[in-house]
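The values are calculated or read from the model by the stated rules, or taken from the named source; none is laboratory data. Note that the structure is a prediction, hence the values are computed from the model and not measured. Ideal geometry is used to build each Cβ from the backbone, glycine not excepted, and the neighbour counts take in all protein chains shown. These area figures cover heavy atoms from the full protein model, side chains too; ligands, DNA and RNA do not enter into them. Shrake-Rupley method; radii C 1.70, N 1.55, O 1.52, S 1.80 Å.
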Amino acid sequence: RAKDGGRGRVEVYDDDLRRVLAAHAAVEDGLRRALARDELVLHYQPVTDLLTGRVGSVEALVRWQRPGEGLVPPGVFIPVAETSDLICDLGRWALRTSLAQLRAFDAAGGPGAGLKVAVNISGRHLRSPHLVEDVRSALEASGTAPHRLALEITETVMVEDDAAWARLEELRAIGVQIAIDDFGTGYTSFGQLARVPVDVLKIDRSFVDSEDPRTVELVRLVVGAARSFGLRVVAEGVEQVSQVHALQAVGCDTAQGYYFSRPVAADRLPTAVDGCHTRYDATCRFEPTG
Ligand code: C2E
Ligand code: MG
Ligand code: MG
Ligand code: MG
């Protein structure tokens, strides 16, 4: 902290900045090539109904099979992709790939047949004028009924944006479901919840994982509000059976998390779905009283 160190510190900062920018550029270049070379892969995580134990849908989650680096998680490259229109290319790819996969699950029969799929869509893609056409053409290319597709949009980008809301309405009119992802981490008020053009509310893991009784009360309130506004609720990040029971007690419809299944590659999905049924029957079966 010497006085003459000021200039030096600025240069160090410049160096750091240069490193960060270079790393960013490397990920962006790599990702662009990854899309072209088919190095991206979707894993699927089942969503289990808490009343019946049925798995009705899966969430598609992207991973990057980077040669020599194994499976890179989305937290590393999605934020980079979101700084340019690359995220829209990725969104288009995820839509097409997951819908093609649904058809393959259907054709194979068994526990993967008839599922719905939820695809994560970035706020940037929602704000672009291409989203509706991208969704339409992906549905057409695969011949999938629109009601089997849900788009997950994080709560933080669900702020009131007339063009974006109109786009969501247009998609809902086609029959596509819209979900608010990571609910509870953003700024949606109960008032907005009554008006947002969505069908599903996904409660963020941070609320599911808390043992604080006030958080449990909050989840109860959110489930109650969602219900009265006609929204279905998914609890994210359920890792323990005690959480399943707490969610059943507050009337939450469905749950997703490591307790039932981690996200798995497509070829392992049927086994994962069977595993969810088994876990549910063994430990979560809901016994209505009275
Ligand atoms: P998200 O949409 O909220 O997805 C849920 C994340 O929670 C996934 O992380 C999933 O693997 C993880 N998770 C599920 N169950 C549990 C659990 O019981 N415990 C814990 N600790 N974690 C659990 P993942 O796959 O690393 O994805 C992270 C985020 O990256 C996603 O959060 C989503 O925002 C984004 N993302 C993933 N795929 C895509 C994509 O195709 N497009 C876009 N735009 N974003 C994506
Ligand atoms: Mg999601
Ligand atoms: Mg989420
Ligand atoms: Mg999340």
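Here are the numbers:
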read-out	value
Gyration tensor verdict on region 53-150 (Cα atoms; rounded if a/c is under 1.5, prolate if a/b is larger than b/c, oblate otherwise)	oblate
GNM flexibility winner over the chain from VAL41, VAL76, VAL200 (Cα, springs under 10 Å)	VAL76
Selected from VAL244, VAL273, VAL72 as most flexible by GNM, with the chain as the system and alpha-carbon contacts under 10 Å	VAL72
Potential lengthening between ALA282 and ALA22 on full extension [0.36 nm per residue; Cα-Cα distance subtracted]	88.5 nm
Excluding exposed DSSP-loop trypsin sites (Lys or Arg not before Pro) (at most 16 other C-beta within 10 Å), longest clean stretch of the chain	55-194
Between 0 and 90°, nearest 10: helix 162-174 axis offset from the chain longest Cα axis	40
Fraction of accessible area attributable to carbon and sulfur, region 155-203 (%, probe 1.4 Å)	51
Signed unit charges on C-beta, dipole axis of the chain, positive-most listed residue ALA225, ILE180, LEU42	LEU42
Sum of -39500 (n - 2.57) over DSSP H runs of 4+, divided by residues of the chain (222 nm, nearest 500)	-15000 deg cm²/dmol
Crossing angle, helix 86-108 versus the chain [Cα axis fit, 0-90 degrees, rounded to tens]	30
Surface per residue (accessible, 1.4 Å probe) for the chain, Å²	51
Once exposed loop GluC sites (Glu not before Pro) are cut out (DSSP; at most 12 other Cβ, 10 Å), longest piece of the chain	70-159
Shape call, region 96-188: gyration tensor on alpha carbons, a/c limit 1.5	prolate
Gap separating the Cα centres of region 197-250 and region 18-91, nearest whole Å	26
Listed residues LEU21, LEU193, LEU61, most fluctuating in the chain (Gaussian network, C-alpha, under 10 Å)	LEU21
Rounded to the nearest 10 Å², the accessible area of LEU71 at probe 1.4 Å	90
Cα gyration tensor shape of region 60-217, rounded if a/c is under 1.5, else prolate or oblate by comparing a/b with b/c	rounded
